[in-house]
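Undergrad: My questions all concern the structure below.
The values are calculated or read from the model by the stated rules, or taken from the named source; none is laboratory data. All of these numbers come straight from a predicted model, not from anything done at the bench. Here the Cβ is made from the backbone with ideal geometry for all residues, glycine too, and neighbour counts use every protein chain on show. SASA here: full protein model, heavy atoms, side chains in, ligands and nucleic acids out. Shrake-Rupley method; radii C 1.70, N 1.55, O 1.52, S 1.80 Å.
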Amino acid sequence: MQIITMYLRATSVKATLVDEWNQTVSVLPALTRGLRAELVLKLLDENGEAFGADRLDYASWDFAVANDWDTETTPQLRVSEGIEVVDGDIHVPLTETNTEELVAALGKSEQGTFGCELAGFTAGETNPEFLIQFDIIVRNRR
């Protein structure tokens, strides 16, 4: 299983990829199509302090990976079950990374850049109380 750890400065909806010292990073991590993975998100505030578990106490989560901004199209990857907060880190299980939508979006390209969106919901709500967006690379298979 591929483990992808991302540090994100989450001071607004558009999160910034950083290293563990809160320094901006320009090289996006890569997920591999068809390989089971776990995405571990370590969220930092503007001072580089880790979010506490209390800031991430939501009843449910939704994670999407998509190559467009059209809410009417199906994302290439979507996870709404099994997302957990462990010691202040958000663990997103990516167990199905070989979807028809992802295969079609990548085509015969070596890789593509996709947008990710993580939403946290309080109990009984359909609109998120928490939302971050960031990018990731998806590598194709030969």
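Undergrad: Select from the stretch 110-127 the residues that are open to solvent by 60 Å² or more (accessible area, probe 1.4 Å) and assigned to a loop (DSSP other than H, G, I, E, B) and write down the one among them that is farthest from L44 (Cα to Cα).
TA: Residue satisfying both the conditions and the ranking: E110.
Undergrad: Since T97 meets every condition but one in (1) open to solvent by less than 40 Å² (accessible area, probe 1.4 Å); (2) assigned to a loop (DSSP other than H, G, I, E, B); (3) without any contact (Cβ under 8 Å) to a residue 60 or more places away in the chain; (4) on the phi < 0 side of the Ramachandran plot, which condition does it not meet?
TA: Result: T97 fails condition (3) only.
Undergrad: How many of the residues in the stretch 8-23 are open to solvent by 30 Å² or more (accessible area, probe 1.4 Å), touching a residue at least 12 places away in the same chain (Cβ under 8 Å) and over 15 Å from the mean Cα position of the chain (by Cα)?
TA: 4
Undergrad: Here is a further query. Exactly one of these conditions fails for V92: (1) farther than 23 Å from L43 by Cβ; (2) under 10 Å from the mean Cα position of the chain (by Cα); (3) aliphatic (A, V, I, L, M). Give me its number.
TA: (1)
Undergrad: Looking only at residues in the stretch 49-61 that are surrounded by 11 or more Cβ atoms within 10 Å (Cβ to Cβ) and not in a loop (DSSP other than H, G, I, E, B), which one is nearest to the chain's Cα centre (by Cα)? Lay out the reasoning, then the answer.
TA: Applying the first criterion (surrounded by 11 or more Cβ atoms within 10 Å (Cβ to Cβ)) to the stretch 49-61 yields 50-53, 55-61.
Now restrict to residues that are not in a loop (DSSP other than H, G, I, E, B): 50, 53, 55-56, 60-61.
Values: A50: 17, A53: 18, R55: 17, L56: 15, S60: 15, W61: 11 Å.
Across the stretch 49-61, the extreme among qualifying residues is W61.
Undergrad: Restricting the search to the stretch 131-142, which residues are over 10 Å from the mean Cα position of the chain (by Cα) and either farther than 23 Å from N67 by Cβ or β-branched (V, I, T) (or both)?
TA: Taking the stretch 131-142 first, the residues over 10 Å from the mean Cα position of the chain (by Cα) are 131, 137-142.
Those that are over 10 Å from the mean Cα position of the chain (by Cα) and either farther than 23 Å from N67 by Cβ or β-branched (V, I, T) (or both): I137, V138.
Undergrad: So which of I137, I132, I90 is part of a strand (DSSP E or B), of a type in the set (V, I, T) and under 19 Å from R33 (Cβ atoms)?
TA: Answer to the check: I137.
Undergrad: I've got another one for you. L39 - would you say it is surrounded by 15 or more Cβ atoms within 10 Å (Cβ to Cβ), out of contact with any Ser or Thr (no Cβ under 9 Å at 6 or more places or on another chain) and touching a residue at least 40 places away in the same chain (Cβ under 8 Å)?
TA: No.
Undergrad: Any idea how many residues of the stretch 26-36 are open to solvent by less than 50 Å² (accessible area, probe 1.4 Å) and either over 25 Å from L77 (Cβ atoms) or of a type in the set (A, V, I, L, M, F, W, C) (or both)?
TA: Of the residues in that region, 2 qualify.
Undergrad: Can you find, within the stretch 62-79, the residue that is least open to solvent (accessible area, probe 1.4 Å) among those that are at pLDDT 95 or above and over 18 Å from V103 (Cα atoms)?
TA: F63
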